[in-house]
1. Cα centroid distance between the range 229-261 and the range 148-168, in Å?
2. Go through 327-334, 89-96 and give me the packing order, highest mean Cβ count within 10 Å leading.
3. Note down the nm distance, to one decimal, between modelled labels 7 Å out along Cα→Cβ at residue 252 and at residue 188.
4. For the residues 242, 52, what sequence is obtained by ranking on other C-beta atoms within 10 Å, fewest first?
5. Testing the spin-label approximation: label points 7 Å from Cα along Cα→Cβ at residue 298 and residue 335. State their distance in nm.
6. Taking the beta-carbon count within 10 Å as an exposure proxy, list 178, 155 from fewest neighbours to most.
7. Among rounded, prolate and oblate, which fits the range 309-361 when a ≥ b ≥ c are the square roots of the eigenvalues of its C-alpha gyration tensor, a/c under 1.5 means rounded, and a/b larger than b/c means prolate?
8. Which of 167, 314 has the fewest other C-beta atoms within 10 Å, and how do the rest follow up to the most?
């Protein structure tokens with residue numbers, strides 16, 4: 001600290017540098033008053049939204065909107081803070097009209113900095129954090145209370161609308177996807193069934209439902225053939241007995257009758273044999289046909305399984321869409337609307353001016369101290385003894401030999417006396 005080590009040294013420094021301290025303090029106080037006068041108050045208003053749980057339990061009717069609420073709110077915030085959306089809000093409420101020199105990009109940046117969305121995480125269930133948000137606070141910091149309330153309310157309203165529309169849109173897209181997929185699978189199944197039918201007809205293969213019927217028909221034909229053969233055997237035996245026991249004319253007449261019956265039975269037998277042969281051929285298939293039919297069956301089974309799964313998911317998607325359309329699922333509700341601020345959040349002008357004055361005093365003292373350090377001169381006997389250990393014999397005070405300059409008022413008084421008594425003499 002040089003020669004300044006005691007309280008007397010400090011007081012002596014303050015006396016010597018009083019003019020510097022005064023002018024620095026005065027300049028700093030004036031600057032503080034100017035800054036405080038130019039300060040613009042800012043008002044803050046906040047709207048609180050709550051994420052309510054679905055009215056119907058997920059076990060009974062599950063929504064198709066997936067993902068954590070924190071991620072969905074982040075996407076909503078990005079859409080809210082988009083350039084087009086922000087410019088629309090600025091034009092709607094006439095924001096920053098007192099700053100005509102700002103370009104649109106600067107206005108967008110100012111509004112983005114003035115609005116904040118803060119989410120509060122919900123209580124955890126277990127040890128895992130599922131990213132669920134329970135409360136969302138939207139705050140707006142604006143020059144007037146009315147603008148702060150209007151902007152906070154507008155952002156809250158748009159957040160609710162975007163949340164609802166995005167959930168409905170996602171549920172609609174999910175339902176549309178499964179409906180289109182179901183229609184496509186139904187078309188594939190129908191086309192494959194037509195292809196299988198055409199292939200069976202081309203290769204003379206019975207349909208799966210007609211195999212049993214044809215086998216039953218073959219069995220019936222075999223029974224009929226056996227009955228015809230039995231009747232033929234009986235007719236031949238009767239003809240032999242008639243030839244042996246009857247007269248020749250009578251036997252000839254009865255044999256003609258037997259021959260007619262046998263011819264009828266032979267015709268019936270040929271017809272049944274032809275039909276049985278055709279049925280047996282229709283049941284016979286080659287290995288290549290069997291292999292292709294197996295491929296068709298596996299393909300149609302796979303399509304049927306996919307169709308069952310898609311139909312089930314389409315039903316779930318339809319339920320989810322109805323839940324979102326009727327607002328029965330998770331939704332945002334306003335639990336605390338944005339109030340009209342009573343006081344600005346920025347500090348008072350008097351307080352800032354007082355703080356500036358105190359800072360000016362500190363700055364002035366610092367400058368005085370730096371000036372003393374710049375010229376470390378021994379100015380008293382105590383400093384001489386402390387710094388050198390020598391006791392001075394005599395201390396001669398500083399005598400200013402420069403003539404004192406007269407002030408303005410003194411010169412004006414002298415001029416008046418000279419006019420009153422020109423012969424008077426005055427000593428300086």
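1. The range 229-261 and the range 148-168 have Cα centres spaced 107 Å from each other.
2. Values: 327-334: 17.5, 89-96: 15.2.
Those peptides, ordered most packed to least, come out 327-334, 89-96.
3. Here the answer is 8.1 nm between the modelled labels.
4. On the way: 242 18, 52 14.
Starting with the residue having the fewest Cβ neighbours, the order is 52, 242.
5. Taking the simple label geometry, residue 298 and residue 335 are separated by 5.8 nm.
6. Details: 178 20, 155 25.
Placing the least packed residue first, the sequence is 178, 155.
7. On the way: a/c = 13.00, a/b = 4.23, b/c = 3.08.
Prolate.
8. On the way: 167 24, 314 20.
Lowest count first: 314, 167.
Rule-based calculations on the coordinates, nothing more; no lab input. Treat the numbers as computed from the prediction; the structure is a model and nothing was measured. FYI the Cβ positions are ideal-geometry reconstructions off the backbone, even for glycines, and counts take in every protein chain you see.
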